[in-house]
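Notes to accompany the following structure.
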Amino acid sequence: MNTKASSPEVIVALDVEERERALGLVKELIPRVRLFKVGSRLFTAEGPAFIREIAARGASVFLDLKFHDIPATVEGSVRAATAMGVMMMTVHTSGGVAMMAAAAKAAADEATRRRLERPLIVGVTVLTSLSKEDLADLFASDLDLRVLVLRLAARAREAGLDGVVASVDEAAAIKRELGGGFAVVTPGIRPAGADVGDQKRVATPAAAAASGSDFIVVGRPIIEAPSPLEAAEAIIAELREARR
Ligand code: C5P
């Protein structure tokens, strides 16, 4: 399994508008950071060629397009992303067990067919922008948010996904209930004293490490720092210290 018992690995979110700036960040950070998250904005603007340029710099890509559609369509999207050679990608768990299973199978089949390493498929549970009230209104359900996140994570594991995206608050419970082999990817990371920005539930790198998280996603604290490389190094040092 791909999850690690050591420190979480840092994924830098390339949340920038211009490709040159994104490629500059990859070039600067590549000695210390291996994984970069490309979201729908950058991918929609720049496409697969941009993913190949990142890979050409020796980096791995977390393609965060949050696929959410019928199983056959998601299967096709996952095959296309696997063919691009990404290391990790996201699908919405609320697409259902059949859709998630189709995604997991498509990644495995396409990777085998192309002799590539199988990418990790991680599930998005409940978007952090949705409140309990939004869920009650949308789905006519008053389920507790944490219960819902755990339930969706359990379904993701049953369907064969490799892990889920979750806040540090939820990571420990997911690890406890679903086992160490199921990866947890945690965004909302802020080193002590850093600007929280629009994040509501934030945690330090040390808290993320203590929660058992396998990967932390960090955007602004690194990409907007005066020295992104120094900011990344400080976060990596904090993660190492925390897991000792
Ligand atoms: O700049 P910041 O560190 O807040 O960036 C976090 C990254 O993680 C962004 O790309 C954001 O879209 C993503 N993310 C998040 N919260 C989630 C899921 C993804 O912040 N629940």
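The values are calculated or read from the model by the stated rules, or taken from the named source; none is laboratory data. Everything numeric in this text was worked out from a predicted model, so none of it was measured. Using ideal geometry, Cβ is built from the backbone for each residue, glycine included, and neighbour counts are taken over all protein chains shown. Quick note on the areas: whole protein, heavy atoms, side chains included, nothing else; ligands and nucleic acids left out. Shrake-Rupley method; radii C 1.70, N 1.55, O 1.52, S 1.80 Å.
Our summary gives the chain a relative contact order of 21 percent, counting only alpha carbon pairs under 8 angstrom and 6 or more residues apart. The distance from the alpha carbon centre of segment 118-162 to that of segment 8-76 is 24 Å, rounded to a whole number. Solvent-accessible surface of the chain, taken per residue with a 1.4 Å probe and all protein chains present: 47 Å².
Our summary gives segment 1-141 a relative contact order of 18 percent, counting only alpha carbon pairs under 8 angstrom and 6 or more residues apart.
Could you tell me the calculated FRET efficiency between Glu177 and Ser129, based on Cβ-Cβ distance and R0 = 25 angstrom, to the nearest 0.05? Efficiency for this residue pair is about 0.55. Carbon-plus-sulfur accessible fraction, segment 27-79 (probe radius 1.4 Å, protein heavy atoms only): 53%.
With contributions of -39500 (n - 2.57) from each DSSP H run of at least four residues, the per-residue ellipticity at 222 nm computed over the chain stands at -15000 deg cm²/dmol. Among the protein heavy atoms, those of His68 account for about 100 Å² of accessible surface (1.4 Å probe, every chain in place). Karplus-based coupling profile of segment 209-221, in residue order and whole Hz: 4, 5, 6, x, 3, 9, 9, 10, 9, 10, x, 3, x, with θ = phi - 60° in 6.51 cos²θ - 1.76 cosθ + 1.60 and x standing for Gly or Pro.
By the rule of a C-alpha distance below 19 Å, with chain neighbours fewer than 8 residues away ignored, the aspartates and glutamates paired with Lys105 are Asp64, Asp69, Glu75, Glu117, Glu158, Asp162.
The figure for Met84 is an accessible area of roughly 40 square angstrom, using a 1.4 Å probe on the protein chains alone.
Within segment 163-202, which trypsin sites (Lys or Arg not before Pro) sit in a loop by DSSP and count at most 15 neighbouring Cβ atoms inside 10 Å? Sites meeting the loop and neighbour criteria: Lys200, Arg201. The phi torsions of segment 140-152, fed into the Karplus equation with coefficients 6.51, -1.76 and 1.60 and a -60° offset, translate into couplings of 6, 9, 10, 4, 5, 4, 5, 4, 5, 4, 5, 5, 5 Hz, rounded to whole numbers, with Gly and Pro shown as x.
Only Cα pairs under 8 Å and at least 6 apart count here; give the relative contact order of segment 157-211 as a rounded whole percent. Rounded, it is 36 percent for segment 157-211. Shape class of segment 12-72 from the Cα gyration tensor (axes a ≥ b ≥ c, square roots of the eigenvalues): prolate, since a/c reaches 1.5 or more and a/b is larger than b/c. Here's the list of lysines a cross-link from Lys132 could span, going by alpha-carbon distance under 27 Å and ignoring same-chain residues fewer than 8 apart: Lys66, Lys175, Lys200.
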